[in-house]
Amino acid sequence: MQARQYKIRSALLFVGLFLVYASLTLRLVHLHTYGRKRLLDYADSQYNVTLTTYPERAHILDRNRHRLVTNKKSSTAFIIPSKIEQPDKLNLILKKHFPVAYKRLQKANKKSCHFIYVARRLTSQQLNILEQAQCPDIHYLQEPSRFCHHPSAGSIVGLVDIDGKGVCGIEWARNKQLAGSPTTKILQKDARSRNYYFKELESIEGKAPDPVYLTIDSQVQFLVQEELEAAASKWKAELAMAVVMDPKTGEIIAMAQNPTFDPNNTRTLNIGQTKHTVISDAYELGSVVKIFVALAALEEELVTPDEPINCQFTEEGRVHGRPVNTWRADGIIPFSEVIQASNNIGTVIVAFRLGKHLYDHYKRLGFSQPTGIELPGQQVGFVTAPERWSKQSLVSLAFGYEIRSSLLQLARAFSLFINGGKLIKPHVIQNDSLMMSNLAQPQLYSNRALQQMRQILRQTIESGTARRGRITGYTVMGKTGTANLVVNKKYSQEHNIYTFTGSIEQGDYARVIVVSIKNIVDNKEHLFASTVAVPLFRSIAEKLVVHDRIVSHKA
């Protein structure tokens, strides 16, 4: 009997041990088959650590290697909800001064939450509040941020977000170049997770960031900004803009607007305020385009500078049955004087000789096409195509309507008169190959037509509508334009944009300067660009040649 019981017990023990062994075996097989990756990942996290280091963002510099944008350290405040010592004091401070952080803290699980920002990039006022509060639950760390040394260039250099990523301007356009890429290393550590074996299991080397060198001259940029602020204040204007460009290389020396924004003070900034209106806004600019009508007609040999044009002795004429108004009555005058006096009737007469070819010339001159500028937000404008022309379209196109252009497009087109008829690519980033490419661009217009136009443009300064732009001792050329703006879907006589496109030269030195003032408040008298825009051009040009140390030929 006892022997039988012994056998039963032995069998049960064997079966029990077998079942335990089988279950362990099955569990191991299951883990090996289905949980292998999870266990390997867990082991990896216990014995290996991944370190990622980010390089410091590179600087942005001007053409003279002056710093435009560099880095600085900003203070950031944070709390650790799971380790709060004085909750009442902390809540009082946050509720009064940092309500967003207070709301986050109230929603957080105090036991499992280990990090909440109080505020990033603390202002001096915020720092002072926290220092006076002396709350042990508020901790600090230093984070990199950007500092703009020349806020007048803010619309060009742009901004980064709270995490240091470019969001507009050069910071956005060259984000990869400025940021570089991080270096990642996987290191092994001991079982207690205290000390690292300095054994590098894997390494992915990052790329060092590269600085960006601009064509902008920070001092000229500041001078232009000052002039725009003064002009906008004088005329109580909604907007003032200017661009200064080398017409041979395409380098932009200055590009400014008023109002602008300070890249170092962006807490209340709307991203829409960061656009650069010189490239992002396109307008019907009025009579400045007459010089391109004249260039096209001279190139096609449809007119000569001294050909008499009958301007009909009236301010309200008709050309091919279309009504044409002009600002003053002129009689029979040479075509060169038609442009100098900015007579609409005479210009339209010649535009009808061009017909649909006028559209082709506008396209050839780069209107309604991208300039190639490296900045985001470019507006290409438009030119009404012949298939969409009304009976009045050719009249409108002759003196600056049904053609919208940015100031940069206008500066690019005007540069043809200085660089030998080449349509160059404007740029704000230094690029030797692009400069050489610009110098090698094909000539689009004959020397004959270009020289004839240069003479007309000089006479416009000497005795035409732009006499206020004359600067003794330098070759100055240019053309005015006054255009009505569209308000409530119709042209308004009280809302205008006043533009001047011109250049100043001395020997090999040449600069194209285009200025524009938009929408003078309380415009009770009928103003023209000759009164509003030309003096602004002259002020900028005079300061420019002094800064660049260009001596007049009369000195």
Given the structure, is S233 within 43 Å of the chain's Cα centre (by Cα) and either assigned to a loop (DSSP other than H, G, I, E, B) or at pLDDT 60 or above (or both)?
-> yes
Selection status of Y401, farther than 30 Å from E171 by Cα, buried (at least 21 other Cβ atoms within 10 Å of the Cβ), of a type in the set (F, W, Y) and touching a Gly at 6+ places or on another chain (Cβ under 9 Å) | no
Quick one: is Y359 assigned by TED's automatic domain parsing to the domain that holds K248, farther than 19 Å from A173 by Cβ and outside any loop (DSSP other than H, G, I, E, B)?
-> yes
If you go through the stretch 220-245 one residue at a time, how many are of a type in the set (G, A, S) and over 19 Å from L410 (Cβ atoms)?
-> 3
Of the listed residues (S287, S280, S233), the one being among the small types (G, A, S), in contact (Cβ under 8 Å) with a residue 60 or more places away in the chain and more than 25 Å from M477 (Cα to Cα) is S280
What about S492, is it assigned to a helix (DSSP H, G or I), out of contact with any helix residue (DSSP H, G or I) (no Cβ under 9 Å at 6 or more places or on another chain) and closer than 27 Å to H276 by Cα?
-> no
Report yes if S342 is farther than 13 Å from L295 by Cα and either aromatic (F, W, Y) or more than 33 Å from the chain's Cα centre (by Cα) (or both), otherwise no.
-> yes
Checking Q443 against (1) surrounded by 18 or more Cβ atoms within 10 Å (Cβ to Cβ); (2) assigned to a loop (DSSP other than H, G, I, E, B), which test does it fail?
-> (1)
Can you name the helices (runs of 4 or more DSSP H) wholly within the stretch 117-192 that have at least 3 residues being buried (at least 17 other Cβ atoms within 10 Å of the Cβ), in contact (Cβ under 8 Å) with a residue 24 or more places away in the chain and touching a strand residue (DSSP E or B) at 6+ places or on another chain (Cβ under 7 Å)?
-> 154-157, 169-173
Residue that is surrounded by 21 or more Cβ atoms within 10 Å (Cβ to Cβ), closer than 28 Å to G420 by Cα and either under 20 Å from the mean Cα position of the chain (by Cα) or without any contact (Cβ under 8 Å) to a residue 24 or more places away in the chain (or both), where the choices are A240, A254, A294 | A254
Complete set of residues in the stretch 364-413 that are among the hydrophobic types (A, V, I, L, M, F, W, C) and part of a helix (DSSP H, G or I) = L394, V395, L397, A398, L407, L408, L410, A411, A413
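The values are calculated or read from the model by the stated rules, or taken from the named source; none is laboratory data. No experiment lies behind these values; they were computed from the predicted model shown. Glycine gets a Cβ as well: all are built from the backbone with ideal geometry, and neighbour counts include every protein chain shown.
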